[in-house]
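Okay, so here's the structure we're looking at.
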Amino acid sequence: MPELPEIESLRRILARSAVGRTIVSARILEPRLRRKVARGFAAAIAGRRIETLARRAKYLILKLANGDALMVHLGMSGSLTHRPGDGAGPSKGGLSFGDKDDPLDFAHDHVELRLDDGSRLVYNDPRRFGLMKLVAAGALETTAELRGLGPEPLDTGFSAEYLALKARGRRVAIKNLLMDQRVVAGIGNIYAAEILFRAGVRPARRAGRLTRAELGRIAATVAPVLREAIGEGGTTFRSYRDSSGRPGAFAARLKVYGREGEPCYTCSTPIRNVVVGQRASFYCPRCQK
Ligand SMILES: [Zn+2]
């Protein structure tokens, strides 16, 4: 499942081909997603210029010239790719997430936006957990999906003081606190594990029991880990690739995630995997206290 670095990487790639272009027409090939694509969606976005491409948490937000915003969430397996006008193949300029190593299966194309230069933005989602929804730009912050989200981890609203406030008195595992979208937006299982390794804190520790110094180390580690991952185009394993089949390079930099039984790069102790909040949680029993 894509996390903040993957969506931010996608935003940067698509911005080059989509911002400033006008959506000439939209075609709904398969409306069934997490929620059905609304009736009237295609008519509402046709003729609109894409002013900016923004991101909030794991949502990609295309702000249109009439003030509407098109929210896109990739769910478990969705992709938004930029493709040439003719021929089915994706061009450079998209990222996909799926269980398969093989190229995009065009049978799962849901929505196609035709742009004024003849190219297309295509939303594809084999497992249909994604979302495409049009909202008025002024109503973005109060729309159901974004309402109640915590601050962006790369913004100044996220700090050691803020994390300490959110951790105070909480019995929840620190890893789950980091993954709680109401506390901080965009961090999932992979990056929570990597952040906690680099901060030297075990994932199952109760948030409310951490020292101020530990919370400070965690807060200070969040932005560097996410920025490094964005710089590498995100992470890959089987489930992540860009539309040209190129893996995100952060996979090579993972210190603990997916490395159960392999030696820690710092101390050679085998990496452990415990279940925290029903999710696999990787850590080094020596480097993390
Ligand atoms: Zn270690």
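Inter-label distance, GLU262 to ALA44: 4.5 nm, where each label sits 7 Å from its Cα along the C-beta direction.
Of the residues TYR257, TYR162, TYR265, the one that moves most in a GNM of the chain with alpha-carbon contacts below 10 Å is TYR265. Kirkwood hydrodynamic radius computed over the chain comes to 19.8 Å, based on all pairs of distinct alpha carbons.
ASP117 to ASP155: extension gain in nm, 0.36 nm per residue of separation minus the Cα-Cα distance?
Working: separation 38, 0.36 × 38 = 13.68 nm, distance 3.46 nm.
Contour length minus the Cα-Cα distance gives 10.2 nm.
Could you give the angle, 0 to 90 degrees to the nearest 10, between helix 4-18's Cα long axis and the longest principal axis of the Cα atoms of the chain? On a 0 to 90 degree scale, this one is about 20.
At a Förster radius of 35 Å, what calculated FRET efficiency corresponds to the Cβ-Cβ distance of ARG171 and ALA136, to the nearest 0.05? Write out the running numbers ahead of the final one.
Numbers: r = 40 Å, r/R0 = 1.13.
Between ARG171 and ALA136 the formula returns 0.35.
What residue among ARG120, ARG209, ARG147 shows peak mean-square fluctuation when the chain is described by a Gaussian network model with Cα springs under 10 Å? Top of the fluctuation ranking is ARG147.
Note that the chain presents 44 Å² accessible area per residue, ligands and nucleic acids not counted, probe 1.4 Å. To the nearest ten degrees, helix 212-231 and the longest principal axis of the Cα atoms of the chain are 40 degrees apart.
The values are calculated or read from the model by the stated rules, or taken from the named source; none is laboratory data. In this text, all values refer to a predicted model and were calculated from it rather than measured experimentally. Cβ coordinates were reconstructed from backbone atoms using ideal geometry, including for glycine residues, and neighbour counts include every protein chain displayed. Heavy atoms of the whole protein, side chains included, go into the accessibility calculation; ligands, DNA and RNA do not. Shrake-Rupley method; radii C 1.70, N 1.55, O 1.52, S 1.80 Å.
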